[in-house]
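The values are calculated or read from the model by the stated rules, or taken from the named source; none is laboratory data. Source: prediction; values computed, not measured. Note that each Cβ is placed from the backbone with ideal geometry, even for glycine, and that neighbours are counted across all protein chains shown. Just the protein is used for accessible areas: all its heavy atoms, side chains included, with ligands, DNA and RNA removed. Shrake-Rupley method; radii C 1.70, N 1.55, O 1.52, S 1.80 Å.
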Amino acid sequence: MSGSVVYLVAFCYNCCSLQCYRNVQVECNCEVAELFAPHELPCDTMVKKFPNSKWDHISSGWPVYVKLTNGVVYGCDFIVSATGVTPNATSFQLQVASDGGISVDTEMRSSCEHVYAAGDACSIQWNDVPFHWFQMRLWTQARQLGAFAANCMWSHTVKQPVLRDFCFELFAHVTRFFGYKVVLLGRYNGQGLGKNYEILLRYTKGMEFVKVLLHNSKMVGAILIGETDLEETFENLILNQMDLSQFGENLLNPDVDIEDFFD
């Protein structure tokens with residue numbers, strides 16, 4: 001597709017320092033055409049270097065090489081294929097939701113008997129979705145939905161009631177980005193709230209970023225970047241819906257140990 005983009009990231013994976021991250025090279029309007037092992041690469045191939053990179057593996061060779069449809073060839077340590085998360089289930093004889101995913105009920109069943117769906121391919125059609133949880137096509141949630149679908153299949157087989165996992169009470173995603181721990185909780189970006197919420201921020205350069213969303217003086221979402229150690233406390237505040245109006249902006253005051261109040 002002419003609108004495709006290939007991102008090439010160069011970094012030092014032998015240490016955790018952000019100073020060792022090299023750079024990002026963006027190649028627009030192209031896709032991956034071919035992959036080569038070192039012995040498969042034609043000897044007359046011109047391999048493009050990452051600009052401004054202090055690391056040069058070309059003299060000793062890269063583990064793998066990638067040729068793009070624009071003719072450029074890069075050497076790299078490994079390749080991550082990100083094929084997207086948009087469902088493409090229209091070829092199945094199953095009920096499909098408006099987002100293209102296979103519609104599933106509260107026990108992960110599709111419109112066809114004995115056929116279940118989970119992960120990015122499914123679309124949650126539950127009438128009793130907890131307020132602080134919503135579907136987002138992430139690998140963590142796909143794993144949770146897959147495990148829950150397996151539990152539903154087993155429960156139906158042995159004719160036992162299905163118990164919904166606690167992970168569906170609160171949206172939560174944890175990852176690392178450029179060496180920083182990143183935690184997303186609840187409606188962290190104001191999803192479904194319109195403009196009816198308040199934002200509190202705390203930022204320490206090079207160390208942490210904390211963003212809290214309040215709705216009617218109650219916490220409904222948060223973004224935590226860095227080693228804040230606030231995720232458990234904020235998770236409890238979101239689930240318990242405690243009135244936080246008495247704290248005001250002191251809720252994020254680093255001199256106030258809020259864990260002592262709410263743990």
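Some notes on this structure:
- Here r is the Cβ-Cβ distance between Met153 and Asp128 and R0 is 30 Å; the resulting FRET efficiency, rounded to 0.05, is 0.90.
- Using C-alpha pairs under 8 Å with a sequence gap of at least 6, the mean separation divided by the residue count of the range 90-204 gives a relative contact order of 18 percent.
- Spacing of the two label points (7 Å from each Cα toward its C-beta) at Met136 and Asn240, in nm: 2.4
- Reach of Lys67 by Cα under 28 Å, taken over lysines that are not fewer than 8 positions away in the same chain: Lys48, Lys49, Lys54
- The amide H of Gly221, built 1.01 Å from its N in the peptide plane, has Arg187, Leu213 as neighbours under 5 Å, considering only residues 5 or more places off or on other chains.
- Over the range 132-263, relative contact order from alpha-carbon pairs under 8 Å, at least 6 apart, %: 19
- Gyration tensor verdict on the range 56-205 (Cα atoms; rounded if a/c is under 1.5, prolate if a/b is larger than b/c, oblate otherwise): oblate
- Other residues within the sphere of radius under 13 Å centred on the Cβ of Asn70, judged by their own Cβ, net out at -1 (K and R +1, D and E -1).
- Of all accessible heavy-atom area on the range 110-238, the percent that carbon and sulfur account for (1.4 Å): 55
- Listed by chain and number, the aspartates and glutamates placed with their C-alpha closer than 15 angstrom to that of Lys159 are Glu107; residues fewer than eight positions away on the same chain are left out.
- Computing FRET efficiency as 1/(1 + (r/R0)^6) for Arg143 and Asn250, where r is the C-beta to C-beta distance and R0 is 41 Å, gives about 0.65.
- Rolled with a 1.4 Å probe across the full set of protein chains, the surface gives His173 an accessible area near 20 Å².
- Working ranking of peptides 194-200, 93-99, 232-238 by packing, defined as the average number of other Cβ atoms within 10 Å per residue, highest first, is 232-238, 93-99, 194-200.
- Centre-to-centre separation between the Cα atoms of the range 23-48 and those of the range 214-251: 47 Å.
- Residues of the range 115-155 with amide N under 11 Å of the 7 Å Cα→Cβ point at Gln95: 125-126
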